[in-house]
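A.B. asks: A single structure is presented below for examination.
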Amino acid sequence: MSSVRKMFQPKWLLATFLVLAGTALCIRLGIWQLDRLEQRRAFNHQVESMRAMPAVDLNQEQLDAISGMEWRAVAVTGEYDFANQVALRNQYYQNEYGYHLVTPLRFDGPSSGSGWAVLVDRGWIPADGNATAADWRKYDESGVVELTGQIRLGQTKPAIGGVDDALPANGDRLETWNNANIQQIAAQLPYPVLPVYIQPDMNADDTEPPIPYQPTIELTEGPHMGYALQWFTFATILFVGYPFFLRKQETT
């Protein structure tokens, strides 16, 4: 009896189903890893291409396509609006818990005058003694500031295991946020806000809060290709090895 016919005998039907299901699962996981690889390559290309470009000057350039400029260097001159700043919770600096202050920066643009703003992640402050917006005012920087940094996109939904932000039902401002959801934060402000935020450049000697933060980025392809090959190998072993196993049963 051929191995193929034997696979669908009642005695082996459950085992055959499990083998086929396992093969399909391994193939799907391999394809998923290839998708992750393409996403990683697209991310690397975005970072490298943006970092190769000169800094965009928000005071001088049109900003229609700014949502596609994540990771590009940016410069802007303006004044902070501390009355409308918010804080991001669950932030750490050298293992110490705290917040990141996110403050609107009002600036004059080439065609908008002073009617626009951009949110700035000014950096980390300790949680101790900073429970309310009134406490944050001790970190105000008065007057005109010249800021350089990089453009970042916001977080439209919580990370896995994260908690979404519940806006007050009575329409009050939400001052402390779980996520850097730029659209929702901007909806609380009385003026137009760019759909991105700025992470200011870091200074290694700056240890006074708020302390700017820059993420560490590895521009590699990661282990996704290796994982994909592993899953495809497992699928091949299951699909090809099972008929050989059945054939061996005929001789025992």
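The values are calculated or read from the model by the stated rules, or taken from the named source; none is laboratory data. Predicted, not measured: the structure shown is a model, and the values here were computed from it. Virtual Cβ from ideal backbone geometry, glycine too; neighbours counted across all protein chains shown. These area figures cover heavy atoms from the full protein model, side chains too; ligands, DNA and RNA do not enter into them. Shrake-Rupley method; radii C 1.70, N 1.55, O 1.52, S 1.80 Å.
A.B. asks: What are the residue pairs meeting all of these: first residue in region 85-96, first residue in contact (Cβ under 8 Å) with a residue 24 or more places away in the chain and closer than 19 Å to Q155 by Cβ, second residue among the charged types (D, E, K, R) and crowded, with 19+ Cβ neighbours inside 10 Å, Cβ atoms under 9 Å, and 6 or more apart or on different chains?
C.D. replies: These pairs meet every condition: Q85/R122; L88/D121.
A.B. asks: Inside region 138-191, can you point out the residues that are open to solvent by 60 Å² or more (accessible area, probe 1.4 Å), within 22 Å of E70 (Cβ to Cβ) and of a type in the set (G, A, S)?
C.D. replies: A159, A187
A.B. asks: Considering region 143-171 alone, what residues qualify as being on the phi > 0 side of the Ramachandran plot and either free of Cβ contacts under 8 Å to residues at least 60 places away in the same chain or out of contact with any strand residue (DSSP E or B) (no Cβ under 8 Å at 6 or more places or on another chain) (or both)?
C.D. replies: Selection gives G161, G171.
A.B. asks: Right, something else. Search region 223-252 for residues that are surrounded by 13 or more Cβ atoms within 10 Å (Cβ to Cβ) and pair each with any residue that is modelled with pLDDT under 85 when their beta-carbon atoms are under 6 Å apart and the residues are at least 6 apart or on different chains.
C.D. replies: Pairs that qualify, where the first residue is surrounded by 13 or more Cβ atoms within 10 Å (Cβ to Cβ) and the partner is modelled with pLDDT under 85, are P243/S3; L246/S3; L246/K6; R247/S3.
A.B. asks: Let me ask something else about it. Looking at (1) among the aliphatic types (A, V, I, L, M); (2) surrounded by 15 or more Cβ atoms within 10 Å (Cβ to Cβ); (3) more than 29 Å from S49 (Cα to Cα), can you tell me which one L194 breaks?
C.D. replies: Of the numbered conditions (1) among the aliphatic types (A, V, I, L, M); (2) surrounded by 15 or more Cβ atoms within 10 Å (Cβ to Cβ); (3) more than 29 Å from S49 (Cα to Cα), the odd one out for L194 is (3).
A.B. asks: Quick check on region 186-195. Is at least one of its residues at pLDDT 90 or above, assigned to a loop (DSSP other than H, G, I, E, B) and under 21 Å from A73 (Cα atoms)?
C.D. replies: No, there is no match, as no residue in region 186-195 is at pLDDT 90 or above, assigned to a loop (DSSP other than H, G, I, E, B) and under 21 Å from A73 (Cα atoms).
A.B. asks: Out of curiosity, is R40 modelled with pLDDT of 90 or more and either small (G, A, S) or open to solvent by less than 100 Å² (accessible area, probe 1.4 Å) (or both)?
C.D. replies: When the stated conditions are applied, R40 passes them.
A.B. asks: Still on this structure: State whether the residues of region 126-143 include one that is of a type in the set (D, E) and assigned to a strand (DSSP E or B).
C.D. replies: Looking through region 126-143, none of the residues is of a type in the set (D, E) and assigned to a strand (DSSP E or B).
A.B. asks: Are any of the residues in region 203-220 farther than 20 Å from G98 by Cα, of a type outside the set (A, V, I, L, M, F, W, C) and either over 19 Å from the mean Cα position of the chain (by Cα) or surrounded by 12 or more Cβ atoms within 10 Å (Cβ to Cβ) (or both)?
C.D. replies: no
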